[in-house]
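The values are calculated or read from the model by the stated rules, or taken from the named source; none is laboratory data. Bear in mind that the values here come from a model prediction, so they are computed numbers and not experimental data. No Cβ is skipped: glycine too gets one built from the backbone with ideal geometry, and neighbour counts run over all protein chains shown. Only protein heavy atoms, including side chains, enter the accessible area calculation; ligands, DNA and RNA are left aside. Shrake-Rupley method; radii C 1.70, N 1.55, O 1.52, S 1.80 Å.
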Amino acid sequence: MRKAWIVAGAAVAAGLSFVMLLVVGVYIVAGNLANGVGGGAKTLAKGAVPAAYQTLVQKWGNMCPAINPALLAAQLYQESGFNPKAQSPAAAQGIAQFIPGTWATHGVDGDGDGDRDVWDPNDAIPSAASYDCKLASYVKDVPGDPTKNMLASYNAGAYAVIKYGGVPPYKETQNYVKTITTLEESFAAPVNRVDPSKQAAGAIYYAQKKLGTPYLWGGEGTAEDGGRFDCSGLTQAAYETVGITLPRVANDQYNAGPHPERGELLPGDLVFFSDDLTNSRAIRHVGIYVGGGYMIDAPRTGAVIRFDPIDTPDYFGATRVTEDGAKALPTAV
């Protein structure tokens with residue numbers, strides 16, 4: 001767990017008063033900020049893609065107009081959680097989860113070493129981009145958004161997209177398109193200030209009521225846990241009270257929405273910490289930002305839920321949780 005910080009009693013009391021004001025004020029803020037991510041070329045958010053794959057995703061994510069690096073990253077995360085050894089019960093293989101028949105037709109030698117290896121991200125990531133672009137070319141004359149038509153082709157086949165003149169009326173396909181385009185936002189570096197979460201105040205309110213509760217590794221606040229939490233258990237429970245279901249672990253919670261810069265943080269944002277600032281999959285701690293450079297978090301065994309500063313060397317970044325972003329996350333990666 002991350003290094004412990006001790007906040008003096010007076011600071012905690014002052015912070016608690018500050019939080020109570022924020023619980024009211026965050027709704028006012030929510031009504032007055034500019035709209036969120038919009039327009040322009042999309043680049044990857046800091047550390048959103050593991051460093052080993054960032055150059056590949058950035059390069060091949062610009063292969064054709066229907067894709068971009070954030071979209072390609074969202075697909076890889078959805079398919080495998082960036083695990084190059086992933087294998088599904090349906091025999092889908094590698095970081096991009098190609099089934100053998102599709103790989104035989106669409107796999108490419110991305111690194112030019114003379115072979116096409118589905119288990120090698122240097123081949124699989126370029127192949128995923130190439131396959132996306134090939135599908136986009138099949139439906140290029142279909143009306144509507146070319147990216148959504150490409151994603152629909154990926155799920156339902158190009159014939160269905162052509163037949164229906166766009167995303168077909170299949171619930172599974174419509175959900176897939178929405179999932180990937182929503183997840184795309186969590187891998188893209190925002191170009192404008194992102195919308196505040198309207199549920200943020202409720203999450204803070206819940207967390208501040210838990211101040212002083214002892215930490216429990218793996219704790220989710222249940223009766224069986226004695227009402228105790230670990231760091232991601234606390235953030236999960238806090239957002240659950242306002243109708244948003246987050247994944248259980250911190251490095252997946254990072255993908256529950258877009259990523260504001262440090263100077264754009266608002267109360268309710270999740271803040272993350274890691275020993276590897278290039279890789280969101282290495283995140284090991286999370287708290288709920290309350291303003292003034294402080295968060296509420298469950299820090300470590302032997303400590304209690306408390307206020308801690310966020311400006312430490314292991315600060316990784318932040319996520320502004322959205323309901324759609326949380327719903328888009330895969331149940332297992």
Have a look at Ala128, Gly61, Asn175 and report the one farthest towards the positive end of the charge dipole of the stretch 51-187, computed about the Cα centre with Cβ charges (Lys/Arg +1, Asp/Glu -1). Asn175
Rounded tilt (10° steps) of 146-156 against the dominant C-alpha axis of the chain: 80
Heavy-atom accessible area per residue of the stretch 198-328, all protein chains kept, 1.4 Å probe, expressed in Å², is 34
Please work out the average accessible area per residue across the stretch 51-187, using the 1.4 Å probe convention, and give it in Å². 45
As a check on your grasp of the helix formula, calculate [θ] at 222 nm for the chain: sum -39500 (n - 2.57) over DSSP H runs of n ≥ 4, divide by the residue count, round to the nearest 500. -12000 deg cm²/dmol
Relative to the present Cα-Cα distance, how much length would full extension add between Glu224 and Ala189 at 0.36 nm per residue of separation? 8.6 nm
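Find how much the distance from Lys85 to Asp324 grows on full extension, using 0.36 nm per residue of separation minus their present alpha carbon separation; answer in nm with one decimal.
This chain segment gains 83.2 nm when fully extended.
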Quick shape check on the chain: root eigenvalues a ≥ b ≥ c of the Cα gyration tensor, a/c under 1.5 is rounded, otherwise prolate if a/b tops b/c, else oblate, and it reads prolate
Give me the net charge of Thr182's neighbourhood, meaning all other residues with Cβ under 9 Å from the Cβ of Thr182; Lys, Arg count +1, Asp, Glu -1. -1
Mean separation of Cα contacts under 8 Å (at least 6 apart) over the residue count of the stretch 198-328, i.e. the relative contact order in percent, is 30
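Checking the a/c ratio against 1.5 first, then a/b against b/c, what shape does the Cα gyration tensor give for the stretch 198-328?
rounded
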I'd like the FRET efficiency for Thr105 and Asn175, computed as 1/(1 + (r/R0)^6) with the beta carbon distance as r and R0 of 30 Å, rounded to 0.05. 0.70
Which angle between 0 and 90 degrees, to the nearest 10, do you get for helix 200-209 versus the longest principal axis of the chain when only C-alpha atoms count? 40
What is the helix-to-structure angle for 69-80, meaning the angle in degrees between its Cα long axis and the longest Cα principal axis of the chain, kept from 0 to 90 and rounded to the nearest 10? 90
Carbon and sulfur together cover what percent of the accessible area of the chain at a 1.4 Å probe radius? 54
Any cysteines in the chain with zero other Cys Cβ atoms under 4.7 Å from their Cβ? List them, or say none. Cys231
Report the Cα centroid-to-centroid distance between the stretch 80-106 and the stretch 202-261 in angstrom, as an integer. 33
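If you take the square roots of the eigenvalues of the alpha-carbon gyration tensor of the stretch 51-187 and sort them as a ≥ b ≥ c, do you get rounded (a/c under 1.5), prolate (a/b over b/c) or oblate?
prolate
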Could you list the residues of the stretch 243-264 with an amide nitrogen less than 18 Å from a label point located 7 Å from the Cα of Thr331 in the Cα-to-C-beta direction? 244-249, 252-253
